[in-house]
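Accompanying notes for the structure given below.
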Amino acid sequence: MSRIGKKAVAVPSGVTASVDGQTVKVKGPKGAMQVVLPDEVHVQMEDGHVKVDPRHETKRARSMWGTSRTLVANLVTGVTKGFERKLEITGVGYRAAVQGKNLQLALGYSHDVVYPIPEGIAIVTPKPTEILISGIDRQKVGQVAAEIRGYRKPEPYKGKGVKYAGEYIFRKEGKKK
């Protein structure tokens, strides 16, 4: 039994949720989102809660049960609070700046990396070595953060590069004479 799947997703006040077949639509103060759930699960509205149940007792249905419930919970959290990812830049001369609809990154290459900010994502740079990515879609926020980090991953010798806030970089010892 899925412990996560058993819990119904509460719909807070100020948020409207509707279930149409396998499509769950959620509208809140930050925007509106929808997700189409797999056929292995049955989704329904019950007195202010969205309830997800497996249709069959197959392994795939049980796997999709908890996943589907989490997707619905992420929709509700996204339209109420939103999601945020913080990146930190380490290295001499490494910096970031938002210019219009682009993120300008100086990461030690011969040229600056220009990253176009996707629709539905807000990026701010409170400091030149800090990037805050926010939006209502958890998957999109994480994907944007991973793409930016992918331009210069932190290396293990000096720790230079772009890393998630709170990420531990395993450090190696350099060459010995």
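Here are a few things to note about the model shown:
- Of all the criteria given as (1) over 30 Å from Glu167 (Cα atoms); (2) buried (at least 18 other Cβ atoms within 10 Å of the Cβ); (3) aliphatic (A, V, I, L, M), the one not satisfied by Val72 is (1).
- Residues that are in contact with a strand residue (DSSP E or B) (Cβ under 7 Å, 6 or more places away or on another chain), surrounded by 15 or more Cβ atoms within 10 Å (Cβ to Cβ) and in contact (Cβ under 8 Å) with a residue 40 or more places away in the chain, drawn from the stretch 1-48: Gly5, Ala8, Val9, Val11, Val15, Ala17, Val24, Val26, Lys27, Met33, Val35
- Residue match in the stretch 86-99 (condition: out of contact with any helix residue (DSSP H, G or I) (no Cβ under 9 Å at 6 or more places or on another chain), surrounded by fewer than 18 Cβ atoms within 10 Å (Cβ to Cβ), in a loop (DSSP other than H, G, I, E, B) and outside the structural domain of Tyr151 (by TED's automatic domain parsing)): no
- Verdict on Ser63 being surrounded by fewer than 18 Cβ atoms within 10 Å (Cβ to Cβ), out of contact with any Phe, Trp or Tyr (no Cβ under 8 Å at 6 or more places or on another chain) and not in a strand (DSSP E or B): yes
The values are calculated or read from the model by the stated rules, or taken from the named source; none is laboratory data. Here the structure is a predicted model, which is why all the values come from computation and not from measurement. Here Cβ is always computed from backbone atoms with ideal geometry, including for glycine, and neighbour counts include all displayed protein chains.
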